[in-house]
Structure formats: C-alpha cells, structure tokens
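**Q** First the structure, which I've put down as structure tokens, then a few questions once you've had a look.
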Amino acid sequence: MMRNNASIPPRTVHGALGGFLGFVALSAVAGVLATASVTPALALSGLAASNAVATFENLPSYLAIEPLSQKSNIYATQSDGTPVLLASFYDQNRVEVSWDAISPFVKDAAVAGEDPRFYEHGGIDLQGTVRATLRTATGSATQGGSSITQQYVKNVLVQKCEVLTDAKARGACYLAATETTVDRKLKEMRLAIGLEKKYSKQDILRQYLNIAGFGGTVYGIEAAANYYFNTSAASLTLPQAASLVAIVNNPVKFQLDDPASETNGAANGYAANKSRRDYILDEMLGLHLIGQADHAAARAVPIEPAITEPSTGCKTAGASAYFCDYVTRQLRNDPAFGKEKDTRLLNFRRGGYNVYTTLDLDLQNAAVATLTANVPKTYPGWDVGGVVTSVQVGTGRVLAMAQNKDYSQDPAVLSTGASSTGINYNTDFTDGGSRGFQPGSTYKVFTLAQWLADGHALSERVNSRRTSHWGTFADSCRGPQTYPGYNPKNDSSRENGAHYSALESTIDSINTGFIGMAKQLDLCAIRKRAEAFDVHRADGDPLLQSAATVIGTNEIAPLTMAVAFAGIANNGTTCTPVAIDSITGPDGAAIPISQSECSQSVSPAVDAGMTYAMHQVMTSGTARQSYRATSPRVPMIGKTGTTDENKDTWMSGASSTVATVVGVVSVTGAANQRGIYFDGGQAATARHRMWPDVMSVANAKYGGAPFAEASHKTIYGVPVPVPDVRGTSLVEARGSLESAGFALTDGGATASELPAGTVVRSAPAAGTRTNPGSSVTVYTSDGSQKPLPDVIGLRERTARARLSAYSVVTIDEVVTDPAQVGAVTAMTPAAGTLAQPGDVVNLSVGTLG
C-alpha cells in the first residue's frame, strides 16, 4: 500500500547498512517461502541465511478473525412495534457486514488497487515486498508492499491496541503494531501466512473491507458507504466503490468530507481522490474486472459525496436525549458489559450492540409536546425546570422521560445560557441527574400508608389544630423527638379544622392533619415505609426523618416518586425502574440484562385503603382539575404537592397501568409560582395541564381497571362506644368526642332544666358503638325548663299567681266537701314535671253541684 513519506530524511551509512542486512534477512525468508511452495512464483535462492529462517519459523503464526469494534445503537419502539433509532455510540463508526452485503465493485476495486495478485499468493506478495524492501534498504522513501492479508493483520493488531484502557500500554502497543522495522514486518508476514492457511480468500477480503479505515472515525465499507454516499455497501456504484477504496490507501489525503480542501475539495472536483479512483479503475480494466465501456463511464462520473453524519451520542436523540442519557448510565451499571464501571460503556461503544429500550414514543411525544406548550426553557429571573416521567405499573418500565431544557454536554453550548443542560432533572445524581427536589405533599402518601398499616382507619380523627407546640414525637430509631417552634400552616386559611380525619387530610392535603397523624405514629417507621416503596434521596444520602419530612422536605428524583406511585397502583408491590427491554449482540444473540425487582411495600389491604383515599383526591380533592381534564378517564389515583412559598409544584398519580409524575420546579433559587404566568397559563397550575395531556394518551393506549375495594374496617375502623358527654359544656364535649375519634355536630339548644349551654343529650346516645370518624350530634340546654310547683289545695287565685309563667286552664270539678270549693283539686302535668314558660297547665277547681 503506497504511503506519502516525502519528509523522510536521508539514510546514514550505518542506517543503510542495517537496512541492507534486513533486506538479506527478508530475502532468506523469501527463499524458504519459495522452496516450501507457500508462494507459487518467486524464489530468491542464494541469499538464504539459516539464522533468519530459524527466527522466522519461530514467530507466532496464528491470528484469528474476530469480531470488530462496531457502533452500538439505542432504539425506542413505535406503536406498531417497529424500532426507531435514538442514538448510536462508537469509537469507530463501523457496521460489520457479510460477503453478500458488499458490492462486487468494492471487492474488485480493493484487489485491483491494493493487491492485484491477492488470489494468487499465499499471504505475501513477494514481488511487492522485495520492491518495497529494496527501496527501504537503499534509503529511498518507504513504499508499501503489503498484501491485503498483511494489511488486515496490521489492522487487527492496531485494533487490539485500541481496546486497551491504559494509555501508556495502548501507545506502546500501537507503536509495536505500526513501526517501520524488519522485525515487525517479519512478524506481520508470518501471521499473514498463518491466516491464509486457516481462512479462505473470501473471509480475509470481507474482513479487510470491514476493518479498513476510511478517514476519521469511519471504519468498514458499510459505514463508509453510509457516510460518504448515503447508501449501503451493497448498493455502491462502480465509481463510488473505487472512490471509497481510494481512501483506504491514504485516508487523510483521499477522504471526501473536507469540501474546502485546496488539494482534495469540491472546488477541484476532489482531485486527489479522483486521481487515485481513476488509477484503481484503470487497474480494474487492466485486470479485466470491468469492460471498456464501464471504465470510461465510471471515469467520467464526477465525485459528488453526500455526507451523512451518523447518529452519535444522546444529543442526536433530540427530545428523548435525557432518556437516552439515562439508558447509557444504566449500561454503565450493568455487569453484562464488563466487571468494572469504567470499562462498561467503553465496551458498549465498541461492541456492536442493539439496545431496545422501554421508551413509549406515544407517551414521550405527549410529554414533550405538553412541556413545550406549558413550561418555557427559560424565564426572566427564574431558573425554571419542567419534568415529566411515566412508569409502567407492575413492570417498572420507564415509558416517558422529558424536561423543558435542550440536552447538551458541550461546555461551549452550556455557557450560552440556561436553555440547555446536561443534567437530567428526572433522575438521581448517580444517573446523571440533579440532587433532587422536595416532593412536597406528594410524600404524604407514605404517612398515610403507615397510618393504615398501624391499624388506624381513614375516618379516624386527629388533633389538627395549628400550633407551635406539637409536643413529643415517637422515633424508634433516634428516641423521642421534639421540634420547638415548628408551626406548619395549611394552604388555605379556611383549612382550620381542629380534628380532621385521615381521609379529609388526604383529600384536601391538610398539613396539620398529617402532622397530627404522625404524632400518633413512629417517625422512623414512616421513613422505612417510604423506603419500602424504593424511595430514596437523589443525592444518595439516607432519607431524613422528622416532623417536617412528613410533608415532603427530602430531595427526591421525580422518577423515584413515579416508581412509588406505580407501586401504590400495583396493590402495594413496587418494581424498580428499568429502561432496557432487551439487548442483542453483533451476532443477533440476546445479551442477559438486569431485570426489574419487585417487592411488597404494603399489604394489599392497606394499599386498598390508600387507593380509596387517593382516588377521592382525584374526584373531589386537590387533584380534581387534573382528573376532569383527562380523557378518556379510567379509575385513577393521585396526590398533589406544593413546597414552601410555592417554589415547586407537583402532580403525581396513576391508573392501574401507568404512573406519571409532572412538576414545575426551581432548579436554583426560588420563585412564587402563583405569581408567575407563562404563555399557557399560571405556572402553579401548569402541572394540571400537563398531567392530563400525558395520562390521556396513557389511558387511551393502556386502559385501566378499578382498584381493589377498601374494607369497611379500613375506611371506618372498629366501632367504639360514644362517650357520655351529658352535663358537660359544649367545648368539653367536643374534646371528649374528638379524642375518641368522632366529629361533633352542634344540634343547637333544646329545652332542659340544666344550666344553659350544658349538654343535654347526644345522637347516637352515649354508649352506642359507632364507627370512629362518625359525626355525633350534641344538644345543649337552653336552661328554660323548670319543675312545676305543687299548687294542689291552694286557692285558685294563689295557684294562678304561682303559675303565672304558664298558660293556666281551669276546669270545674264537683265536690261534696265545702272546704274544697274554690281550691285546686288536681293539676296536669303533675307537680314536679319539667315545663317551660308558656306551657299549658290544667287545674281542676272544686265547686258545689
């Protein structure tokens, strides 16, 4: 193979002598080769040297044809099941192809241009080798005399160097494989001979065309055809084939992707390449590989490359780039690609793998579109972020992952502004993500889970009055904890109930209600319950536990929350996220990959209680805006979240098939989203525009089934007796009833002899067994009833005076005793009966018949 070595300095006397001795050695070897009939034609007898022959015979002679370094591809899948390329990765852009996938023009051009006697020799073209050796020995410019087989051997040895991870070792290896010395040439010849003994000419030529460099990172004839002419190796025309083979001779000089080149550019018709191309065409004609007409026509064709840049890196995945980046991080962590993390991605870039991911392009496109419509890439004075992540329930498959920024890892691009970032806001820090965001009230579902797991009911009530003196919280991990001055408020001033139920607190996201629930639980158990749903901090630190963390102050990745909500939608079984469905190697064989691991986070009975409450969040609670905007609707659960001062806003929810988390976040700094308006509407409500857009597509595609029904006990608990509050004040009665888990309904005042404001009775009555959380109606005394005085025997006038507050009706009664005439003989109601002013009192008064 000819090389451009015009700058080689003149040889010294000692150098020329050494070259001559090397020539003698090579000639001796050539004689042995000839007499052994390894080569059919040329013998250089008379110059053989026995020591050179012995050295040659002891050199290694075996070199296997092994798989080459090829680009690997990452795919998503369309609705019809066809794969769509997201990105390719490679150190060498190569697609290894079979013999039949290479145009005959390419094969003939390679032989004609590089090794005309390829099909005649046994691995070494002695005529070319001797010519090149003589030029080297006499001090002339180095001339290539290597056969195609020798060139293949050299390329294989270079490839072996490329896979070394140690830079020093790689450099030494490359030098040994390429240095211009007699020793290296002898080794190359010996390996070439061994190769020809083991493999057919067809195999050797095929692999030569697959391994050859075509300039830059383009390796192999298929990648070269794709890159330079936007076609396949099988479809190359005669002039295209000759142009590509021309590049192999001297890639820097003859490659076709520098149209501005003065020596080989568009202006001069790629003159250098054309000269070499036409030489190859002439050789093909001379070897009768093409006819005169084809030769003339091919030479007349101008060189017009159609440079087609290959997909390389996640940047080419466009709006799916962050998901692509997440996939590459998973590959780094998968032992299938190597024992060490540092070498796994390198192996992937060289291994010719096809990675088929879990990405659902229908959901992904919906996520991208709604983010584009509702969250800008930048906003004056606010580093705004927008995220969408969807996970398939029951499998952990990541179906969508998008954010409002353009993906880039280029420092020059990142320095231009906040519209681009290489940080994936959806994932953990170790997966290329940020250090997470506070999920706000969406985290409350884990306190709800622990509440139900501990045997409490949804209807059970807790002390939810706002206070800065919450007292002592149980913490089995750290001991009892107090938080002096901690005084969380609710979102609305109207949410000032003193004893909300767990269900009410969930539906309307009552902060003080959940703190009241946590007060009856174990903070450590709440944290462990979250961990059971695979919840963890995005920065890798342990989850924090305190009164504040109950309402969502841990920094967590959106993907983590999506996985947890998928677990809630899956009868309490959480499956770890996976982004890869399958991987095939260059031979099409499946590569084992890590699978999602599923574990029970809560019992199905507890989970049914959670979904019962979270469904009502959708239908009548804080998520009803998202619920009403989703179409088609299937049974869905959800929870909203807003962090302090409306810095971050979340909508997290799921059907029985897909879980989705959307959020608008402050990447750095803070902003009150309720005071900011994007083109699509208020920033704080963008979540309720985005979540329905994604889940409408999910519902239409995946459907959804009803969630398991919660038991009566889970909702209402075990019936308990209504406390006896008769004779107490209304305030005292409320405290007693709410402490027992009941709500108090004021039935108003009723006539009673008790002091005004004193409880007279309740409904249900004291002692009646009733479900906790039920409302008990309490009636208080108006103080109006008094016992009727006894007026029997009194004169009518006196009796009426004593009953002046009542309506007295008299009835004559005939008596025989003159003493009873004019006196009261009977009264109805009887004396002592309770009555209030104005009541009718009937008196019987004696009279003579």
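**Q** Whenever you get a sec, line up ARG689, ARG461, ARG633 from highest to lowest accessible area (probe 1.4 Å, protein heavy atoms).
**A** Result of the area sort, largest leading: ARG633, ARG689, ARG461.
**Q** Could you tell me how far the Cα centroid of the stretch 344-363 sits from the Cα centroid of the stretch 431-493, in Å?
**A** 41 Å
**Q** Please compute the contact order of the stretch 201-304 in relative form: average sequence separation of alpha-carbon pairs under 8 Å and at least six residues apart, divided by the residue count, as a percent.
**A** 20 percent
**Q** With every protein chain left in place, what is the accessible area of VAL760 in Å² (1.4 Å probe, nearest 10)?
**A** 40 Å²
**Q** I'd like to check one number: the per residue accessible area of the chain, probe 1.4 Å, reported in Å² as a whole number.
**A** That works out to 42 Å² for each residue.
**Q** Cα to Cα, under 16 Å, and not fewer than 8 places away if on the same chain: which lysines meet these conditions relative to LYS253?
**A** LYS274
**Q** Can you pull the accessible area of CYS173 for me, 1.4 Å probe, Å² to the nearest 10?
**A** In the full protein context, CYS173 sits at about 40 Å².
**Q** Next up: Tell me which aspartates and glutamates have Cα within less than 13 Å of LYS713's Cα, excluding those fewer than 8 residues away on the same chain?
**A** ASP454, GLU460
**Q** What ranking of VAL301, VAL664 comes out by heavy-atom accessible area, probe 1.4 Å, highest first?
**A** Working: VAL301 60, VAL664 0 Å².
Ranking VAL301, VAL664 by accessible area, largest first, yields VAL301, VAL664.
**Q** Here is a follow-up. Would you tell me the accessible area of HIS536, worked out with a 1.4 angstrom probe on the heavy atoms of the protein chains, in Å² to the nearest 10?
**A** Here the accessible area works out near 60 Å².
**Q** Just tell me which aspartates and glutamates come within less than 18 Å, Cα to Cα, of LYS185; anything on the same chain fewer than 8 places away is out.
**A** GLU57, GLU114, ASP115, ASP125, GLU196
**Q** With a 1.4 Å probe and all protein chains in place, put SER476, SER501 in order of accessible area, largest first.
**A** Details: SER476 85, SER501 5 Å².
Sorted by accessible area, descending: SER476, SER501.
**Q** What's the longest uninterrupted piece of the chain once you rule out the GluC sites (Glu not before Pro) that are loop residues per DSSP with at most 14 other Cβ within 10 Å?
**A** 341-596
**Q** While we're looking at this one, here's another question. So how strong a dipole does the stretch 624-745 carry about its Cα centre when Lys and Arg Cβ are +1 and Asp and Glu Cβ are -1, to the nearest 20 debye?
**A** My answer is approximately 340 debye.
**Q** Give me the extension gain from SER200 to ALA801: residue separation times 0.36 nm, minus the current Cα-Cα distance, reported in nm with one decimal.
**A** 202.8 nm
**Q** Here's another thing I want to ask about it. Taking square-rooted eigenvalues a ≥ b ≥ c of the alpha carbon gyration tensor, is the stretch 449-510 rounded, prolate or oblate, where a/c under 1.5 means rounded and, failing that, a/b exceeding b/c means prolate?
**A** Working: a/c = 2.37, a/b = 1.12, b/c = 2.11.
Note, shape of the stretch 449-510 comes out oblate.
**Q** A follow-up question, please. Where both partners of a DSSP beta bridge lie in the chain, what percent of those bridges are antiparallel, to the nearest 5?
**A** 70 percent
**Q** Looking at the square roots a ≥ b ≥ c of the eigenvalues of the Cα gyration tensor of the stretch 601-741, which shape do they give, rounded for a/c under 1.5, prolate if a/b is larger than b/c, or oblate?
**A** Oblate, because a/c is 1.5 or more while a/b does not exceed b/c.
**Q** While we're here: Distance from the Cα centre of the stretch 70-121 to that of the stretch 598-654, in angstrom?
**A** With the stretch 70-121 and the stretch 598-654 each reduced to a Cα centre, they are spaced 50 Å.
**Q** At 1.4 Å probe size, with the rest of the protein present, what percent of the exposed accessible area of the chain is carbon and sulfur atoms?
**A** For the chain, the apolar C and S fraction of the accessible surface comes to 53 percent.
The values are calculated or read from the model by the stated rules, or taken from the named source; none is laboratory data. This one's a predicted model, so the numbers in the text were calculated from it and none came from an experiment. All Cβ positions, even for glycine, are placed from backbone atoms using ideal geometry, and neighbour counts span all protein chains on display. Remember, those area values only see protein heavy atoms, side chains included, never the ligands or the DNA or RNA. Shrake-Rupley method; radii C 1.70, N 1.55, O 1.52, S 1.80 Å.
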